[in-house]
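Written out below as structure tokens is the structure these notes cover.
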């Protein structure tokens with residue numbers, strides 16, 4: 001009697017080199033960061049029509065700046081990082097989580113964020129037979145200084161006076177709004193001055209009634225407020241030389 005031995009090889013559920021179609025999952029909303037911090041731009045590989053992960057260890061992962069003509073930010077290829085063609089400003093600041101590639105995680109870690117890092121990033125994954133890419137927006141924010149209110153001019157004849165509110169070092173450009181003690185917005189003349197990579201903002205109001213005034217500078221979820229109360233304002237006017245407001 002002859003015996004036939006059959007050897008069964010049990011393969012893992014996820015092949016080391018995926019040969020089918022796949023899709024990438026990235027955040028739909030912009031990712032926000034601040035200068036000097038580290039940020040992760042999330043990107044994961046999934047089967048095309050299911051949530052199942054795909055082992056990305058043997059896939060090629062390219063991160064690029066799509067708003068800079070697809071300039072290279074980071075390249076993982078043939079099981080290693082190949083960044084000789086990388087944008088110089090990113091050198092030493094980028095990485096993929098190699099221990100997480102087997103879980104389909106091809107996210108990019110960007111260290112020591114700079115204002116110039118703001119832009120659109122494309123996550124692209126290539127297999128031997130298929131390619132997919134998705135874009136993520138990175139926004140960098142800098143919260144500026146506390147607003148400072150000063151008496152700029154005073155006309156004793158008309159009783160009118162001018163208040164100046166100043167705040168410095170914002171990015172991107174913020175918005176500024178005045179209001180009185182009753183919460184009513186006060187019409188103002190506002191100007192923004194770019195200085196290096198930041199924005200300084202100043203705004204003037206001309207009023208004739210002594211009151212408490214508030215100056216709010218806002219940027220997305222950030223807000224800083226300065227104020228001058230009626231008593232302080234009255235004292236400031238007594239020591240302010242009279243100037244024409246014309």
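Quick note: the coordinates plus some simple rules give every number you see, no bench work behind them. These figures come from a predicted structure and were not determined experimentally. Every residue, glycine as well, gets a Cβ built from its backbone with ideal geometry; the counts of neighbours run over all protein chains shown.
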| note | For Rg/Rh (Cα atoms, Kirkwood Rh), with candidates (1) 0.97; (2) 0.95; (3) 1.29, the value calculated from the shown model is option (3)
| For region 22-140, convex hull volume per residue from C-alpha positions, Å³ | 98 Å³
| message | Test of understanding: extend the Cα→C-beta vector of residue 238 to 7 Å, then name every residue of region 156-198 with backbone N under 19 Å from that spot. | response | 156-157, 159-162
| note | Dividing the helical contributions, -39500 (n - 2.57) per DSSP H run of n ≥ 4, by the residues of the chain yields a 222 nm value, nearest 500 deg cm²/dmol, of -1000 deg cm²/dmol
| query | Where in region 53-76 is the amide nitrogen less than 12 Å from a point lying 7 Å along the Cα-to-Cβ axis of residue 128? | reply | 59
| task | Under 1.5 on a/c is rounded, so check that first for region 88-162, then, if it is not, pick prolate when a/b is larger than b/c and oblate when it is not; a ≥ b ≥ c are the square roots of the alpha carbon gyration tensor eigenvalues. | result | prolate
| message | Just to confirm my numbers, what's the Cα centroid distance between region 77-129 and region 198-214 in Å? | response | 46 Å
| said: Given a 10 angstrom Cα cut-off, can you work out which residue in 80, 182, 224 is the most mobile in a GNM of the chain? | reply: 182
| request: Indicate the gyration tensor shape class of region 116-246 (rounded, prolate or oblate), computed on the Cα atoms with a ≥ b ≥ c the square roots of the eigenvalues: a/c under 1.5 is rounded; otherwise a/b larger than b/c is prolate and the rest oblate. | output: prolate
| request: Sketch the reach of a paramagnetic label on residue 196 as a point 7 Å from Cα along Cα-to-Cβ, and name the residues of region 140-174 whose backbone nitrogen lies under 13 Å away. | output: 169-171
